[in-house]
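This report concerns only the one structure given below.
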Amino acid sequence: MLEQLKVVPIHITVGLKSDAAPPQTAENTLGKLTTGPMGLLNAVETQLGIPSIDIPFTTRLIQYLACIDKVNHPSAFYHASYQADPFSVARTLLQWRDQWYMAGWVGTFEPDAPARLTDMAAIEALAQTEVEPGLGQRVQRVIALLADNPIAIASIHLQDKLTDFPALWRSLINAIGVGITEKKESTPQGKLGTDLRKLQDRLLVNSKEKIHLSGDGSIQVLRGDSAQDSAILTALPPQLCSPSSSSPNIRADH
């Protein structure tokens, strides 16, 4: 019976915003998964046999606070502030630490590093074993394990450009070692010369330059008193919200 079991490689679609509820129904069927970076990390951790448990920041904060207590000394750059408000200082230093790991830090500095970094390294010498790993540490651990541990992922399709992902996420995606495809670039659908087309062109190049609209009716602006009212307006068929069926775009403000 066990000899007949077969692991089905999965095809994963990853979008930067797809950890949240997607605007369309995700295609999660046998052999297919649509998710965001966190979902990708959880899937890889599961296949590597690593428990993917999200530890609350508050729990990690208390653990980090205990590490600071053990190495705090009068010459430490954070000493005075720590004496006045230990929790705020611990929160700030832990946030720095998490950001550094997401940027690729490995927990140590050169011996001739500035005093502030040396103080952080002294805390880290304890924190590496006494504080639950943050997101950056989890990603780095998975990347290291992937080198010698193949997993059942057949392909990765990106809903965004690979270059749009932060560097550590790019490293994880590449470390999985499968074929990567990217979503084709969007093209404007509005009629050339219309306000709608001008707006689409500008959004696709991510420009902050102002555009001049003629008010040709291709864009309708509806305002609601609340987010709930706006949601109802945007859900209505375009022909019910605009004077002509040629005005398909509705923007709801509140």
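Normalised by the number of residues in the chain, the mean separation of alpha-carbon contacts (under 8 Å, six or more apart) gives a relative contact order of 16 percent. In this rough spin-label picture, where each label sits 7 Å from Cα along the Cβ direction, the LEU48-GLN200 distance is 4.2 nm. Selection among ALA122, CYS67, MET102 by position relative to the dipole of region 50-133 gives CYS67 as farthest towards the positive end (Cβ unit charges, Cα centre).
For TRP96, TRP105, the sequence from fewest to most other C-beta atoms within 10 Å is TRP96, TRP105. What shape does region 1-145 take by its C-alpha gyration tensor, where a ≥ b ≥ c are the square roots of the eigenvalues and a/c under 1.5 counts as rounded, a/b above b/c as prolate, and the rest as oblate? Because a/c hits 1.5 or more and a/b exceeds b/c, region 1-145 counts as prolate. Highest average first, the peptides 49-57, 11-19 ordered by how many other beta carbon atoms sit within 10 Å of their residues are 11-19, 49-57. A Gaussian network model of the chain, with springs between Cα atoms under 10 Å, assigns the largest mean-square fluctuation among LEU41, LEU213, LEU172 to LEU213. By definition, a body whose alpha carbon gyration tensor gives a ≥ b ≥ c is oblate when a/c is 1.5 or more and a/b is not larger than b/c, and the chain fits this oblate description. Straight-line cross-link reach from LYS32 at under 17 Å between alpha-carbon atoms covers these lysines, not counting any fewer than eight positions away in the same chain: LYS6, LYS183. When shorter helices are ignored and each DSSP H run of at least 4 residues is given -39500 (n - 2.57), the per-residue value for the chain at 222 nm works out to -13000 deg cm²/dmol.
No value in this document is a laboratory result; all are computed from the given coordinates. What you see is a predicted model; the values in this text were computed from it and never measured. Backbone-built Cβ (ideal geometry, glycine too); neighbour counts: all protein chains shown.
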